[in-house]
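Read the structure below first, then the notes.
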Amino acid sequence: MTKIRQPQQPRTFQSVLVTGGAGFIGSHVVRTLLRNHEGTRIVNLDALTYAGNLSNLRDVEEDARHTFVKGDIQDAGLLAKLFEEHAFDAVVHLAA
């Protein structure tokens, strides 16, 4: 049986992009990241179509580490701007 190695230290992220972060699963991911990663900033990109709803984010809207951006993942210009401005360490892609 192969042993699974545990990381030496927990990974830390300065800046994370979450796509689809206003949906049911995405909003839970956003809350979990904010709760468990104190120094992490979250940029939450969602088009707010059928699955996304800002009411899913009420409890994090006042958190200064969370930034909501209404936009489409197909907008290459917007994505380039966000990546340039925030230098993301990780992307959690949950948008449909």
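Readers should treat all values here as calculations from the given coordinates under stated rules, not as data from a laboratory. Since the model is a prediction, treat every value here as computed from it, not as a measurement. Here the Cβ is made from the backbone with ideal geometry for all residues, glycine too, and neighbour counts use every protein chain on show.
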Which cross-chain or sequence-distant (5 or more) residues have an amide H under 5 Å from the amide H of Ala95, H modelled 1.01 Å from N in plane?
Thr19, Gly20
What distance in nm lies between label points placed 7 Å from Cα along the C-beta direction at Arg58 and Gln6?
3.9
Collect residues whose amide H, placed 1.01 Å from N in the peptide plane, falls under 5 Å from the amide H of Arg41; neighbours closer than 5 in sequence don't count.
Ser15, Val16
Which value, in debye to the nearest 20, gives the size of the charge dipole of the chain about its Cα centre, when Lys and Arg are +1 and Asp and Glu are -1 at the Cβ?
480
Sequence order, the range 32-42: Karplus ³J(HN,Hα) from phi using 6.51 cos²θ - 1.76 cosθ + 1.60, θ = phi - 60°, Hz rounded, Gly and Pro as x, gives 5, 4, 5, 6, 9, 10, 4, x, 8, 9, 10
Just from the alpha-carbon atoms, what are the Rg and Dmax of the chain in angstroms?
14.3, 47
